[in-house]
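Novice: Shown below is the structure under consideration.
Where a number appears in this text, it was derived from the coordinates with a stated rule and is not lab data. Small disclaimer: the values here were computed from a predicted structure and weren't measured. Ideal geometry is used to build each Cβ from the backbone, glycine not excepted, and the neighbour counts take in all protein chains shown.
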Amino acid sequence: MELLVCMSIAGSIPVMICLFLYLIQRGNYNYILGRRLLLTGVFFYLVPVQLVKYLLPKDALPETMLIGRKADSYLSGTLSFWSEKQGDYIWIPQWFNIFARIWLAGIIIFAIYEIIKYWRGAHSIRNYIFEKIEDPEDNLTYYLIPDEICGPCTIGFFRQKIVFPESFPLHPDFIMVYKHEHTHLKNHDNLVKLLCLFVLCLHWMNPVAYLLLFLYIDTAEIVSDSAAVDGCTKEKRQDYANLLVLEAATSDIRPAVWKNNLSGHKRNKEGKDFKTLKRRINYMMKEKRKGMLQRGIMVAVSALTVVASAGTAFAYEPMQWSDGSFDETIWSSEPEYAGYTNSDAITDELDFSECDNIFIDENGEIVNIFSDEIDTHILCTHSMVNGYFYTHKSNSSGGCTVVTYTCQRCEKCGYLANKKYYSTTTYAKCPH
């Protein structure tokens, strides 16, 4: 199976588990666990863990994880997708190919637009900063901007800052709001949202990748709210909820992807902002249970998710490939290494009905090598075995010619290298 497809499936598993838990639990849904699941999805979307099995020593893996000697050409990736590769297979209409390219371009433009707009908004906020406040006694560090610019927020991906309107520190619930923004800063939510945009660009054909971004935006806010009211009385929680409703009417110059929902434009009662705000308030007003059972469920679900996503490594089968010099024949009458057994009898018994290239290692294992699979690269720490590489060519007279080379092949990824000419056998009548 293609590497990108396996990565997309691996990343989608945690996101779908997160959505499934939310639909089942509703009010009892654990957003902290949900955030961990979404971060796991981001990791598997962007990191090709499927290649890990090709970076380990051969003896460290069971035989079932290595390439079989009769790999299916469809699963190995020879089925074409783009129009310029339609020589052998056509499985999508041309209009879809054009539509896919337009869609991909749109996603890239969207990501660039969001990043530029965020940078401009953050830069404009930085220009308004006039004072840095440090309070070692309460361990507070934040920056002040004039009122009516925007509400409390965090800016930056790596050098993050917490920004407040100059009059906001006088608010009785300032400490809770600071905890909210500090949680955003501690969780690097702006950076995670940027990674979610990268996921959209890389896996733009996967609808679950779009779900990831929107789930994380809401989850990040609710997790920060939970940290803000942690340990507070019901009355203080109610005061914080009232502040959320009040701040919902404050304008925000940042785009929706980067917006802290403590501010933003208030919509009507049927709007998404109102439903999100209602969900946030309902969650923060509940007392959270932190017993061993709850922690055990979180650990079990997280472990199951990681195992399920990492399991896509078993589905990934790279195409066999060779180095750039494999087509350059080195003439040699004798192989350079021992352990070979070759005879005309073996050549007579070869079956070239599936393809015209066959590799036989020193243990007698036969592997078909398809001609369109000898130019695809993969990251691998090779485990090379010696063997013979046979090429078959039919003659116009009804016979055939089999040219034999000595070469080496990786047992893990199928890499072919060090081909040297060994012999040529011509048949008056093809027995293959």
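Novice: Which ordering of 119, 204 is given by a fewest-first count of other beta-carbon atoms within 10 Å?
Specialist: Ascending number of Cβ neighbours within 10 Å: 119, 204.
Novice: Looking at this model, which pairs from 117/236; 193/286; 117/179; 186/412; 234/275 are more than 31 angstrom apart at the alpha-carbon?
Specialist: On the way: 117/236 36 Å; 193/286 27 Å; 117/179 26 Å; 186/412 41 Å; 234/275 22 Å.
Violating the 31 Å limit, Cα to Cα: 117/236; 186/412.
Novice: Name the long-range amide H neighbours of residue 153: under 5 Å, sequence gap of 5 or more, or other chain; modelled H, no Pro or chain starts.
Specialist: The list, which skips near neighbours in sequence, is 163.
Novice: May I ask you to sort 114, 221 by Cβ crowding, counting other Cβ atoms within 10 Å and putting the fewest first?
Specialist: Lowest to highest Cβ neighbour count: 114, 221.
Novice: To continue, here is another question. Can you list residues whose amide H is under 5 Å from residue 30's amide H, if they're 5+ apart or on another chain and H is modeled 1.01 Å from N?
Specialist: It is none; the list stays empty.
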